[in-house]
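Chemist: Can you read through this structure? Questions will come right after.
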Amino acid sequence: MRLKLLTSTLRLEKAVPGSNSRWLYLTAAVVASAVMSASPSIAQVTFAQFDQTNGSAQQWTLSEATASEITTTTLTASGSVEFTFGVLPGLPFTNGEPATFTFSATSTQSGQCNQPTCANGNSFDQAGYSGTFSFIDAGSNPGANLLSGTFSTTGNPSQTGGSFGADIGANEGTFTASTDATNPAQVTFTSAYLSFVGAGSETASFSLSSLEDALPTNNYFVTTSTINSQAYPAQQFTAAGDGTFSSDQAPISATPEPATLGLIGCGLLGFGIFFRATRSRIS
């Protein structure tokens, strides 16, 4: 890309001889630099994460129930966690903060196995989850919203919303939700400490471990009987979990930094002095 842009500037200088050619060259070079610096970053920025404070306690529950011929899968979680923001300027804390975690999401969509029988080792993915999660400060600022989010289905529920995934016969799973250009409302974040204006695509990723049957009939994940590779999680499962949260651009502090407040204060003070001096001259 750099070679092509420089070649274009050289041709431009040669085609327009004279003293103005240097200005044209410099202008084209500046435009080339601006274009390259404005190229978006592909990798997302992880701005927060959480871990359970009570080790492998089963804070998560996955269950399915059928009523009026509609099967609903419900994924819930609650418990004490340690919530940590990434290195973001202007936040009141940088170390882990004790928090109360809640999560609730449901889907009426069937899951899809990559093989017709959903046998051990097959992958299982189930989309169409809508719901909410929250991390409420239980430490330095009790009751404050560290981070909350909403999952939504947009358009075709079988292809949007949050998505649960696991391998049949394994004791691990995942839950993810991301926004994209065509579905900007699949997951939205709010926080008392962060502003997500201009953050771009947002992603919530939860990892489930020790996933096992709550009865327990099986100490691993299984599904109901399959119909054309489609199935639901069987019975009820529990799990432990942790997670990360990311966006294309790092969110910014929702409260001004002390240095910023100082600059604002100096500006207001200067304006006041100028205004008084102006009034004195008029008088």
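Chemist: Of a type outside the set (D, E) and either free of Cβ contacts under 8 Å to residues at least 40 places away in the same chain or closer than 18 Å to G162 by Cβ (or both): does that describe L208?
Modeler: Details: of a type outside the set (D, E): yes; either free of Cβ contacts under 8 Å to residues at least 40 places away in the same chain or closer than 18 Å to G162 by Cβ (or both): yes.
Answer is yes for this residue.
Chemist: Same structure, new question: Can you pull out the strands (runs of 3 or more DSSP E) entirely within the stretch 152-196 that have at least 2 residues that are assigned by TED's automatic domain parsing to the domain that holds L91 and closer than 25 Å to T117 by Cα?
Modeler: Working: elements: 162-167, 173-178, 187-190.
Once the strands (runs of 3 or more DSSP E) in the stretch 152-196 are filtered for at least 2 residues that are assigned by TED's automatic domain parsing to the domain that holds L91 and closer than 25 Å to T117 by Cα, what remains is 162-167, 173-178.
Chemist: Exactly one of these conditions fails for S210: (1) surrounded by fewer than 20 Cβ atoms within 10 Å (Cβ to Cβ); (2) modelled with pLDDT of 95 or more; (3) in a strand (DSSP E or B). Give me its number.
Modeler: Exception for S210: condition (2).
Chemist: Return only the number of the condition from (1) modelled with pLDDT of 95 or more; (2) not assigned by TED's automatic domain parsing to the domain that holds F206 that R11 does not satisfy.
Modeler: Every listed condition holds for R11 apart from (1).
Chemist: Further, regarding this structure: Take the conditions surrounded by 17 or more Cβ atoms within 10 Å (Cβ to Cβ) and either of a type outside the set (F, W, Y) or in the same structural domain as A65 (by TED's automatic domain parsing) (or both) and apply them to G143. Does it pass? Steps first, answer last, please.
Modeler: Working: surrounded by 17 or more Cβ atoms within 10 Å (Cβ to Cβ): no; either of a type outside the set (F, W, Y) or in the same structural domain as A65 (by TED's automatic domain parsing) (or both): yes.
The answer is no for G143.
Chemist: Restricting attention to the stretch 95-112, does a residue exist that is modelled with pLDDT of 95 or more and aromatic (F, W, Y)?
Modeler: Yes: the stretch 95-112 contains one or more residues that are modelled with pLDDT of 95 or more and aromatic (F, W, Y).
Chemist: While we're on this one: So which pairs qualify, if the first residue must be in the stretch 76-102 and without any contact (Cβ under 8 Å) to a residue 12 or more places away in the chain, the second must be in a strand (DSSP E or B), the Cβ gap must be under 8 Å, and the two must be at least 6 apart or on different chains?
Modeler: Correct list of pairs: T94/F85; N95/T84.
Chemist: Based on what the data block shows, is E64 assigned by TED's automatic domain parsing to the domain that holds A234, at pLDDT below 95, surrounded by 12 or more Cβ atoms within 10 Å (Cβ to Cβ) and part of a strand (DSSP E or B)? Outline the logic, then answer.
Modeler: Numbers: assigned by TED's automatic domain parsing to the domain that holds A234: yes; at pLDDT below 95: yes; surrounded by 12 or more Cβ atoms within 10 Å (Cβ to Cβ): yes; part of a strand (DSSP E or B): yes.
So E64 fits the description; yes.
Chemist: Still on this model: Scan (1) modelled with pLDDT under 95; (2) buried (at least 17 other Cβ atoms within 10 Å of the Cβ) for the single condition F164 breaks and write down its number.
Modeler: Tallying (1) modelled with pLDDT under 95; (2) buried (at least 17 other Cβ atoms within 10 Å of the Cβ), F164 fails exactly one: (1).
The values are calculated or read from the model by the stated rules, or taken from the named source; none is laboratory data. What you see is a predicted model; the values in this text were computed from it and never measured. Ideal geometry is used to build each Cβ from the backbone, glycine not excepted, and the neighbour counts take in all protein chains shown.
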